[in-house]
Every structure is written in structure tokens, then in C-alpha cells.
1. Only one of 191, 184 is farther than 20 Å from residue 23 by Cα, among the hydroxyl-bearing types (Ser, Thr, Tyr), assigned to a helix (DSSP H, G or I) and out of contact with any Ser or Thr (no Cβ under 6 Å at 6 or more places or on another chain). Can you tell me which?
2. Could you tell me whether residue 149 is surrounded by fewer than 21 Cβ atoms within 10 Å (Cβ to Cβ) and assigned to a loop (DSSP other than H, G, I, E, B)?
3. Filter the range 62-93 down to residues that are modelled with pLDDT under 90 and either open to solvent by less than 60 Å² (accessible area, probe 1.4 Å) or acidic (Asp, Glu) (or both) and give me whichever is farthest from residue 213 (Cα to Cα).
4. Restricting to the range 25-57, give me the number of residues that are out of contact with any helix residue (DSSP H, G or I) (no Cβ under 6 Å at 6 or more places or on another chain), over 18 Å from residue 86 (Cα atoms), of a type outside the set (A, V, I, L, M, F, W, C) and open to solvent by 10 Å² or more (accessible area, probe 1.4 Å).
5. For the range 215-243, how many residues are touching a helix residue (DSSP H, G or I) at 6+ places or on another chain (Cβ under 9 Å) and closer than 16 Å to residue 199 by Cα?
6. How many residues does the range 233-247 hold that are open to solvent by 10 Å² or more (accessible area, probe 1.4 Å), outside any strand (DSSP E or B) and either in contact with a strand residue (DSSP E or B) (Cβ under 6 Å, 6 or more places away or on another chain) or at pLDDT 95 or above (or both)?
7. If I ask for residues that are closer than 15 Å to residue 175 by Cβ, in a loop (DSSP other than H, G, I, E, B) and among the charged types (D, E, K, R), which ones from the range 45-67 would you list?
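The values are calculated or read from the model by the stated rules, or taken from the named source; none is laboratory data. Note that this is a predicted model, so its numbers are computed, not measured. When we count neighbours, we look across all protein chains shown, and the Cβ atoms used for this are built from the backbone with ideal geometry, even at glycine. Note: accessible area is taken over every heavy atom of the protein model, side chains too, but ligands, DNA and RNA are not part of it. Shrake-Rupley method; radii C 1.70, N 1.55, O 1.52, S 1.80 Å.
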Amino acid sequence: MAARLEVVRAGGSHSGRARDWVSAEVPVEISFDGQAFAVMMASPADLEDFACGFARTEAGIEDLAAIQAITVQHRLEGIQLDIRLVGQTAMAFAERLLPGRSGCGLCGSRTLEDVVRQPAMIESGPVMTHAALDRALAVLHDAQPAGQLTGSLHAAAWFSIQGELRLVREDIGRHNALDKLLGSLWRQGLSMDEGFLVVTSRASYEMVTKAATAGIAIMAAISAPTALAVRLADSCGLTLIGFARPGRCLIYSHEHRFLDTPEFDSPPA
């Protein structure tokens, strides 16, 4: 996840040569049954989780049993992740495989519907309290060891509805961190409707789409959402929280799942 490199510190009382931890970032090619699907820049950890999460949120694989095997190959140019699908799933997927996709999330898409996908409606979901969100935020920083070491990683974390940390994944890319988390939750058979998601990035439409596709009903972001993310969250039934800070936040959609909601006249600083 990180490499220690020599740097030159300038200014202050500690000027001079030193060593600093820097995040690893490598190209990861994701293929299905040997056919290239996407290339992502990612942190080289939790790759099987990444493959499973990506297969669910980007390739539409809804049944974990449809994934027969995941092969990880380290090459000079980067890492190859090949996802082998079983029988009928492999045949059906090959018929709709989009060539030439890349990490931007748009390249290779053929229509507007390919870019902005409408997740299925989230009809129910748990109800959380502001106190649970505060408990989650209180432990989130210490749950990111690689992020603390390098200062350049995003995290996606899963909490019980009471705010207890259950799982966290880190990556140089916010989408990758979320895919890794969702893949791990999926592989462990953990229920997506018994907790809430916290991400350390902004809430873009891709993040909302991935969360809703996985069946998550509540998503909180440390930073701001985009307008498209809010519209998508509202249309698919996801409770979207932004500017999550201890004791305060903004709720942009489906506030019925959030109790003890404080009032704000403007976004918190």
C-alpha cells in the first residue's frame, strides 16, 4: 500500500533530507473470462474484494455464486485481475460486454443510460440516530492506518446501525475503496440493510450508484455531494448525508431514516 522514499524537507527546524511514506498506485486491469473490461488506478491491496465489488457495482453480477474464481497476476506494467464466471452467467455477460472501458467511468460507454444508471428503488432500510453517526466518526480516523501513514488515501467504512465499526477498506481512489468494501461485505455474507456507510470523500453520483446497487440505504460522506448524486439518491430511495462532522451534518434525501436531525442555515465549515 505504501513505499518509503527519500525527500527533502524545506522550512522550519527540521529542514534537510528525510524519508517519507508515499501511497502505492498501480494500474489494475479487470477482465472477465480473459476479456479486458476496465483499467483502474488503484492501491495494490484487498484485490479479491475489489474484483467482487467491481463485478457487482459495474458489471451487474448479482449472485456471488456466479463468480467461479479470481486470478491475480502481478506484471511489470501493473496487475491483472481476471474474474471467471460460471456457465450461463459467462455467456450472458459476454453478449453485453462493453469494450474499451477505463477508470474514468465514462470512456467506452455507448449511451447516456450507460453513464448515469438508475439503481433499483430501496424500499425500506434501517433508521439511525445522530448519536450513532457521531460514534462512527469518532473512530473513523484511527481505522485508516494506511491513510494516516501517507495522507493520500480514501476510505469507505461499514458501521452497525448503532455506530460500531464493522469493516473498512482504503484505496487511492474513492470508487475503489467503496468497491473493496462492498466486495468484502458481499464475500462475508454481511447484510447490507443492517448498518450504514461512511466515505471520506465527496459523494459523487458514482458513489451513490454503487451504494444503492449494493442495496445500502444510508450513506454519509465527510465532504459534499454533487447535485446529480442528490437527485439519484432521491430517486432511488437512498438516505444521503453530507458534511458529516461530530454533532452536525446535512441530510440531502430521505431524512426519515435519520433521527434527531439538527437544523443548519448553511453547510458546516
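1. 184
2. no
3. 87
4. Within the range 25-57, residues that are out of contact with any helix residue (DSSP H, G or I) (no Cβ under 6 Å at 6 or more places or on another chain), over 18 Å from residue 86 (Cα atoms), of a type outside the set (A, V, I, L, M, F, W, C) and open to solvent by 10 Å² or more (accessible area, probe 1.4 Å) number 4.
5. 17
6. 2
7. Passing the criteria: 46, 58.
Conditions tested, residue by residue: (1) under 21 Å from residue 54 (Cβ atoms); (2) within 18 Å of the chain's Cα centre (by Cα); (3) open to solvent by less than 10 Å² (accessible area, probe 1.4 Å); (4) among the small types (Gly, Ala, Ser).
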site	(1), (2), (3), (4)
116	yes, yes, no, no
121	no, no, no, no
138	no, no, no, yes
154	yes, yes, no, no
169	yes, yes, no, no
179	yes, yes, yes, no
184	yes, yes, yes, yes
197	yes, yes, yes, no
202	yes, yes, no, no
